[in-house]
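Here's the structure we're looking at; comments come further down.
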Amino acid sequence: MENYNDIKQGEKGAWLSIAAYIVLSAIKLFIGTISGSQALLADGLNNSTDIIASIAVLVGLKISRRPPDSNHSYGHFRAETVAALIASFIMMAVGLQVLFQGVNTFIQPVHETPDLLAAWTAAGGALVMMAVYGYNIKLARAIKSNAMKAVALDNRSDALVSVGALIGIIGSQFGIPWLDPLTATLVGLMICKTAWDIFRKASHDLTDGFDATELELMKATVADIKGVQSIKDIKARIHGNNVLVDTTVLVDAQLNVVQSHDITEEIEEQLKERHQVSNVLVHIEPN
């Protein structure tokens with residue numbers, strides 16, 4: 001199936017993120033320690049825990065590729081959404097920790113100016129993560145994967161975090177030592193914001209939430225189909241990277257079974273073609 005192949009493609013992006021985070025976290029934590037940069041240490045800590053988050057997404061993608069069984073008639077696609085939810089928890093924990101460290105440094109400041117090596121490290125990290133983000137966001141859109149979108153947003157957040165660390169380190173070179181812990185605090189806030197956005201999207205999907213505007217567009221598509229007199233009900237939900245739609249339509253009571261079936265076929269075809277719906281269940285009622 002195409003969806004299973006798409007998920008397998010998504011695993012490449014997760015592996016890319018894991019590899020990038022392993023290398024960058026090791027470098028940033030080492031350079032941050034020897035240079036005395038709180039912002040770079042916060043950035044490195046963020047990258048180190050992102051390894052765990054990316055692994056969680058990778059596991060979720062692998063589980064999603066399992067075919068339907070007796071207990072999962074619709075397949076295991078929601079495993080990737082659960083993985084994105086777990087990733088958001090990990091990111092939030094890290095964000096709060098970084099935030100605490102940044103505020104604590106304000107209260108008990110360390111009067112040391114970070115070495116410029118820390119600045120070059122942050123700049124390099126930002127460039128690497130923007131490249132990884134570019135690859136993963138393009139992949140996420142191609143395969144319509146919320147889990148990979150979460151990974152990509154985390155990648156972008158990490159790139160911005162590194163830019164913030166760079167600003168803080170450079171500022172400290174010009175006699176503004178408080179700019180470095182300030183940046184670390186802002187880093188923590190950015191991590192928490194990204195974690196919240198991922199959590200909100202994942203929890204929305206897991207509770208069968210769906211974009212009301214997109215649902216109205218689907219309703220308009222069904223209403224325009226020849227033979228549909230009115231729409232009694234239409235609802236949709238997200239199942240991993242799949243969209244499932246259930247609709248009840250009213251048709252002329254004089255139509256025979258074959259004619260009614262043709263209408264359902266047209267509804268399914270139009271929703272799949274125009275709205276990329278994976279599965280459509282149509283119930284016909286006489287009007």
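The values are calculated or read from the model by the stated rules, or taken from the named source; none is laboratory data. Note that the coordinates shown come from a computational prediction; the quantities given were computed from them, not determined experimentally. Because the Cβ atoms are built from the backbone with ideal geometry, glycine has one as well, and the counts that use them run over all protein chains shown. All accessible areas refer to the heavy atoms of the entire protein, side chains included, with ligands and DNA or RNA removed. Shrake-Rupley method; radii C 1.70, N 1.55, O 1.52, S 1.80 Å.
Residues that are part of a helix (DSSP H, G or I), of a type in the set (S, T, N, Q) and closer than 26 Å to ALA184 by Cα within the stretch 26-75 comprise THR33, SER35, GLN38, ASN46, ASN47, SER48, THR49, SER54, listed in sequence order. Applying a threshold of 9 Å to beta carbon distances and a minimum spacing of six or more residues, or different chains, the list of pairs starting in the stretch 241-255 at a residue that is closer than 30 Å to PHE77 by Cα and modelled with pLDDT of 90 or more and ending at one that is surrounded by 18 or more Cβ atoms within 10 Å (Cβ to Cβ) and of a type in the set (S, T, N, Q) reads LEU244/SER278; VAL245/SER278; VAL249/THR264. For the residues ILE137, ILE143, ILE169, the requirement of being within 25 Å of the chain's Cα centre (by Cα) and over 30 Å from ASP246 (Cβ atoms) singles out ILE137.
Among the candidates THR49, THR81, the residue that is within 29 Å of GLY171 (Cβ to Cβ), under 17 Å from the mean Cα position of the chain (by Cα) and hydroxyl-bearing (Ser, Thr, Tyr) is uniquely THR49. Out of all the residues in the stretch 246-281, which are farther than 15 Å from LYS219 by Cα and surrounded by fewer than 16 Cβ atoms within 10 Å (Cβ to Cβ)? Selection gives ASP252, ALA253, GLN254, ASN256, VAL257, VAL258, GLN259, HIS261, ASP262, GLU265, ASN279. Within the stretch 172-207, the set of residues being of a type outside the set (D, E, K, R), modelled with pLDDT under 80 and open to solvent by less than 20 Å² (accessible area, probe 1.4 Å) comprises SER172, PRO181, THR183, ALA184, VAL187.
When you check PHE89 against the structure, is it surrounded by fewer than 18 Cβ atoms within 10 Å (Cβ to Cβ) and either in contact with a helix residue (DSSP H, G or I) (Cβ under 9 Å, 6 or more places away or on another chain) or under 24 Å from GLY134 (Cβ atoms) (or both), yes or no? Answer is yes for this residue.
Pairs linking a residue in the stretch 77-96 that is closer than 10 Å to ASN146 by Cα to a residue that is among the hydroxyl-bearing types (Ser, Thr, Tyr) and in a helix (DSSP H, G or I), with Cβ atoms under 7 Å and 6 or more positions apart or on different chains, are GLU80/SER64.
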